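Everything below concerns the one structure shown next.
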Amino acid sequence: MNWHGGVQTTDSGFITVPLPPSTNARLGVSRGGFKYTTPKCKKWMSETERGLIEAFGNLAPISEYIYLDIWMVLPRSNADCSNYLKVPLDSMQNAGLVTDDKYIVPRIQGVGHDAKNPSIVMRFVR
């Protein structure tokens, strides 16, 4: 296992990141009604993107459809796993892993629960 900031990678292609803010916690609304990315989300994205660039910055970006197998470790049994996908996919695009996150086809392979160590484990599959 290799650590790149908050991103863990393995020689077999697995990527593990801490659980991101949910889609519901990604955006805030100002008093004027404008939407903005929350500080918690910005911090998660910045740290994760830095780790992804360190781990994969030397690879050409993916520019064709590719599966992303995902195993979710959620903090609660009633958490909705689909609410945690948008932020990591955006971070993969921002870090240059893919030219557009539309090319990532997520496939949830399993869901577990751990209140102390929530995370997402992912692996690209052609």
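Output the relative contact order of the range 2-125, whole-number percent, from Cα pairs under 8 angstrom with separation of 6+ residues.
Relative contact order here is 36 percent.
Picking from ASN94, ASN83, ASN24, which is most flexible by a Gaussian network model of the chain using Cα springs under 10 Å?
ASN24
For the range 28-66, which trypsin sites (Lys or Arg not before Pro) are in a loop by DSSP, counting at most 16 other Cβ atoms within 10 Å?
ARG31
Among ILE120, LEU68, LEU27, whose Cα sits farthest toward the positive end of the charge dipole of the chain (+1 at Cβ of Lys/Arg, -1 at Cβ of Asp/Glu, about the Cα centre)?
LEU27
Quickly estimate the mean residue ellipticity at 222 nm for the chain, helices only: each DSSP H run with n ≥ 4 gives -39500 (n - 2.57), and the total goes over all residues, rounded to 500.
-7500 deg cm²/dmol
Which length gain, in nm to one decimal place, applies between ASN117 and THR99 when the Cα-Cα distance is subtracted from 0.36 nm times their residue separation?
Gain in length upon complete extension: 3.4 nm.
Please identify every one of the GluC sites (Glu not before Pro) in the range 29-126 that sits in a loop by DSSP and has no more than 16 other beta carbons within 10 Å of its own beta carbon.
Passing sites in the range 29-126 are GLU64.
Arrange LEU68, LEU27 by Cβ neighbour counts within 10 Å, fewest through most, would you?
Ascending Cβ contact count within 10 Å gives the list LEU27, LEU68.
Using label points projected 7 Å from each Cα along Cα→Cβ, tell me how many nm separate SER12 and GLU54, to one decimal.
Label at SER12, label at GLU54, 2.4 nm between them.
Please give the residues of the range 19-34, grouped as numeric ranges, whose backbone N is less than 20 Å from a label point set 7 Å along the Cα-to-Cβ vector of LYS42.
Residues 20-34 qualify, since their backbone N sits under 20 Å from the label point.
So what J values fall out for the range 12-17 if you push phi through Karplus, 6.51 cos²θ - 1.76 cosθ + 1.60 with θ = phi - 60°, rounded to Hz, Gly and Pro as x?
Those phi angles translate into 8, x, 7, 10, 10, 10 Hz.
Counting only chymotrypsin sites (Phe, Trp or Tyr not before Pro) that are in a DSSP loop and have at most 14 other C-beta atoms within 10 Å, tell me the longest site-free stretch of the chain.
Longest site-free region, per DSSP loop and neighbour criteria: 66-126.
Of [x] 15.0; [y] 15.6; [z] 23.9, which one was derived for Kirkwood radius over Cα pairs in Å from the structure shown?
Computed from these coordinates, Kirkwood radius over Cα pairs in Å corresponds to label [x].
Read-outs throughout are calculated quantities, based only on the coordinates presented, and are distinct from any laboratory measurement. Just so we're clear, the structure is a prediction, and the values are computed from it rather than from any experiment. Neighbour counts run over all protein chains shown; Cβ positions are idealised from the backbone, glycine included.
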